[in-house]
Amino acid sequence: MGFEVAKAAARKGHTVTLISGPTNLPDPKNVRVIRITSAREMLQEALTVYPKINAVIATAAVSDYRPAKRIRGKKKKGEESLELSLTLNPDILKTLGKKKGSRTLVGFALEVQNAHTNARKKSREKNLDLIVLNGPSSLGAERMNATIYRGEKREKTFTDATKRQVADWLIRAL
């Protein structure tokens with residue numbers, strides 16, 4: 001979804017920076033791409049470009065947790081069970097929302113239970129202008145169902161739309 005949003009913004013003539021985790025997708029034309037491998041790197045890069053931008057559309061499904069201890073290389077097989085300790089990743093969108101100023105901030109919410117309520121709550125807590133609610137079926141898919149909220153108001157609903165259609169709508173809405 002992030003690549004579709006970046007392409008849509010570039011098509012409209014905007015200067016675009018895309019911060020992307022690992023993917024096999026080619027870099028979009030006329031888009032500056034910054035490749036990262038962790039949530040902490042994504043936050044660092046986002047904070048670096050943040051003072052120079054007018055809007056953020058945060059589509060990434062960044063993991064809420066990461067392993068507490070990083071192991072270099074491959075963990076060799078040992079005992080039958082392995083206990084994994086996790087620690088909380090930084091909340092990138094919430095961090096940006098606290099420093100929002102006059103910027104426009106758009107987030108995505110991948111929700112299953114109480115989806116509409118949780119999406120609107122996330123929007124309030126993270127100081128977002130728009131939030132795009134979608135479900136797990138949109139991950140890696142070409143098409144998606146999505147509901148976009150502006151505050152408590154349902155702004156737009158997409159059923160079986162292409163990600164390009166949703167991205168183009170978002171750029172027009174901004």
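The table below gives the values:
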| quantity | calculated |
| --- | --- |
| Of 75/98; 74/98; 69/153; 7/98; 76/98, pairs whose Cα-Cα distance is over 31 Å | 75/98; 74/98; 69/153; 76/98 |
| Computed magnitude of the charge dipole of the chain (debye, nearest 20; Cβ of K, R +1, Cβ of D, E -1) | 500 |
| Segment residue 164-residue 50, extension gain: residue separation times 0.36 nm, minus the distance between their alpha carbons | 38.6 nm |
| Sites residue 121 and residue 75 - FRET efficiency at Förster radius 41 Å, r taken between beta-carbons, to 0.05 | 0.65 |
| Additional length obtainable on full extension of the chain from residue 102 to residue 30, 0.36 nm per residue less Cα span | 23.4 nm |
| Partners for residue 99 among aspartates and glutamates (Cα-Cα distance below 19 Å; same-chain residues under 8 apart left out) | 41, 45, 91, 125, 129 |
| Using θ = phi - 60° and Karplus 6.51 cos²θ - 1.76 cosθ + 1.60, couplings along region 83-90 (whole Hz; Gly, Pro as x) | 9, 10, 9, 10, 10, 5, 7, x |
| Three principal axis lengths of region 68-142 [C-alpha, angstrom, descending] | 51, 30, 24 |
| Among (i) 17.2, 56; (ii) 20.1, 66; (iii) 17.2, 61, the entry that matches Rg and Dmax of the Cα atoms in Å as calculated here | (i) |
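Since every read-out is calculated from the coordinates, none of them should be taken as a lab result. Small disclaimer: the values here were computed from a predicted structure and weren't measured. Please note: Cβ atoms are built from the backbone with ideal geometry, for glycine as well, and neighbour counts cover all protein chains shown.
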